[in-house]
Amino acid sequence: MSMVLHPAPRFVTGAGMMEALATSVGVNLVHAQEEHGEILLTVHRDAVEDVLRLLRDEHEFQQLMEIAGVDFPGRAERFEVVYMLLSVTRNTRVMVKVMTDENHPVPTATRLWPNAGWLEREVFDMYGVLFDGNTDLRRILTDYGFEGHPFRKDFPLTGYSEMRYSEEDKRVIYEPVKLSQEFRSFEFASPWEGADYVLPGDEKAGGPPPVNEVKVTEKRAETGAGDPANVKAAEHVARGSDSSTVAGQGQGEPVPEETGTKAPGAPEPTEDRPDRAPRDEDDAADTPGATDIATESEGKD
């Protein structure tokens with residue numbers, strides 16, 4: 001059995017790696033920190049291409065995995081562009097972050113990684129961040145005539161326009177968003193959490209039930225016992241049959257019993273009707289045709 005040893009370590013972050021990267025970046029570094037097992041380097045916007053090339057060539061972060069955008073409307077430079085790099089040989093990751101706004105472009109990374117073109121187009125489409133040097137900076141997720149950038153925090157959730165196909169014009173047209181009703185504040189409190197309004201179907205309930213009131217039976221009438229219950233229990237009930245029951249406990253279907261009391265509306269018993277006279281065999285009528293046919297068939301057999 002042969003054993004193959006992989007040259008790459010299992011996982012490398014370790015103490016000192018962040019300091020080494022920060023020292024290598026030098027004056028272009030704004031801030032360095034380690035969070036969730038990953039190193040985060042915040043660098044100056046104009047130097048981001050040089051920093052990314054340094055990490056790729058000298059620190060073995062070969063792959064650009066993602067470019068993401070973040071919007072903080074309250075900041076002067078409201079946008080953050082985050083580059084996520086992977087080192088295959090070190091089996092570790094590093095994030096590089098820059099800050100910008102709507103008017104100051106970020107140097108492109110397409111000269112370092114070809115896949116950065118699509119990633120930068122997505123950040124431009126969703127946030128409106130410009131990338132200097134990207135020769136194909138077009139929208140990639142929204143339509144060509146789309147206005148605005150959907151991932152900005154000040155962009156309405158319903159958008160500004162809606163798209164539909166017009167049978168009359170035989171083309172796709174854009175129209176301003178028209179809501180069917182004004183925005184209302186609905187309360188979806190569940191019944192078991194205690195709603196402060198009458199739920200549908202509870203109009204006859206007379207208010208919320210006293211769930212905190214302890215139910216007691218201090219009076220005899222509250223238990224259901226008394227003279228009415230005794231009278232009902234004294235009524236004659238047919239006994240149950242012993243068949244098809246567990247251990248013959250007599251809880252099957254009721255067995256009819258002769259009580260001597262005629263049920264109201266019951267028909268007269270058939271036993272009181274006179275019986276018919278017995279039928280004489282000589283009076284039975286015969287059909288000659290049927291007899292002849294039966295005789296012929298027996299002769300053929």
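The values are calculated or read from the model by the stated rules, or taken from the named source; none is laboratory data. Since this is a predicted model, take the numbers as computed values, not measurements. Ideal geometry is used to build each Cβ from the backbone, glycine not excepted, and the neighbour counts take in all protein chains shown. With ligands, DNA and RNA removed, areas are computed over all heavy atoms of the protein, side chains included. Shrake-Rupley method; radii C 1.70, N 1.55, O 1.52, S 1.80 Å.
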Residues in segment 83-109 that are in a strand (DSSP E or B), open to solvent by 20 Å² or more (accessible area, probe 1.4 Å) and either out of contact with any helix residue (DSSP H, G or I) (no Cβ under 7 Å at 6 or more places or on another chain) or free of Cβ contacts under 8 Å to residues at least 12 places away in the same chain (or both): how many?
5
Restricted to segment 48-66 and to residues being closer than 19 Å to Gln33 by Cα and not in a loop (DSSP other than H, G, I, E, B), the residue farthest from the chain's Cα centre (by Cα) is Leu54
Of the residues that make up segment 24-35, is at least one open to solvent by 50 Å² or more (accessible area, probe 1.4 Å) and touching a residue at least 40 places away in the same chain (Cβ under 8 Å)?
no
Residues (part of a loop (DSSP other than H, G, I, E, B) and within 23 Å of Ala76 (Cβ to Cβ)) located in segment 110-139:
Gly128, Val129, Leu130
Can you name every residue in segment 36-77 that is open to solvent by 80 Å² or more (accessible area, probe 1.4 Å) and farther than 18 Å from Ser87 by Cα?
His44, Asp46, Gly74, Arg75, Ala76
Give me the pairs: first residue in segment 131-151 and at pLDDT below 90, second residue open to solvent by less than 100 Å² (accessible area, probe 1.4 Å) and of a type in the set (A, V, I, L, M, F, W, C), beta-carbon distance under 7 Å, and six or more apart or on different chains, which are they?
Gly148/Phe155
If you check Glu80 against the conditions, is it buried (at least 17 other Cβ atoms within 10 Å of the Cβ) and under 26 Å from Glu19 (Cα atoms)?
yes
Just the residues that are on the phi > 0 side of the Ramachandran plot and either open to solvent by less than 10 Å² (accessible area, probe 1.4 Å) or aliphatic (A, V, I, L, M) (or both), please, taken from segment 110-142.
Gly128
Looking at Thr108, Thr100, Thr92, which is the one that is under 38 Å from the mean Cα position of the chain (by Cα), closer than 13 Å to Phe131 by Cβ and among the polar types (S, T, N, Q)?
Thr100
